[in-house]
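The structure appears right after this line, and notes come after that.
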């Protein structure tokens, strides 16, 4: 006879709490992402049609557009999911009087901790390599980044009290955090093998630690090389 009390039983994961219909929808979404990334990598982003993708997954275009707005969206979904989690974390975080850049860093790290789906890091890596050689994905990413930054700024203005006039410094803090993440992605994507989500978090921490020094770094002309 078990002596465990109900309170000591392991709690269900978020995925376990989903309804059957929600789990099916999530599986379809993940299959679309995985299949899209594989096809785009093999045949090229422009060389793969939406009809081919839907046929491979055996879903209709209507199902595709219930999950994604475009081919760019499905190809960039792994990173977009991270930033969606960042926005949700920002809605409930407690700044505790700390510098805003530290708050934003910790919110993004908390969002990274949520990216526990099997294969997430591999999807991000494939997506990044595709973006590097696909102009439409690169442009789509810039628009997404701008929308996300504006949404984050609005959340901060609404629920977090900042010292002094916040507008310019708030946007700069967000831009520095985003720039640190992009630098971390550059470092992470060049790591050998199959770099993990934890490795990406470590790269991001290092990038954030470099922000103060980058602001105070002095510059001068190099001495001309001696003949």
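The numbers here are math on the coordinates, done by the rules we state, and not lab data. Not measured: the values here are computed from a predicted model. Cβ placement follows ideal geometry from the backbone for every residue including glycine, while neighbour counts extend to all protein chains displayed.
Note on the chain: the C-alpha convex hull projects to 20.4 nm² when averaged across all orientations.
Full extension of the chain segment joining residue 220 with residue 172 gains 14.8 nm, where the gain is 0.36 nm per residue of separation less the Cα-Cα distance. Distance from the alpha carbon centroid of segment 85-147 to that of segment 44-62 works out to 26 angstrom.
Here the average projected area of the convex hull drawn through the C-alpha atoms of segment 18-70 stands at 3.5 nm². Put in order of Cβ neighbour count within 10 Å, fewest first, the listed residues 17, 157 become 17, 157. Helical runs (DSSP H, four residues minimum) scored at -39500 (n - 2.57) apiece and divided by the length of the chain put the mean residue ellipticity at 222 nm at -21500 deg cm²/dmol. Under 17 Å from a label point set 7 Å out along the Cα-to-Cβ vector of residue 210, the amide N atoms of segment 149-184 belong to 175-184.
Counted residue by residue at 0.36 nm each, then reduced by the alpha carbon distance between them, the extension gain from residue 194 to residue 46 reaches 50.7 nm.
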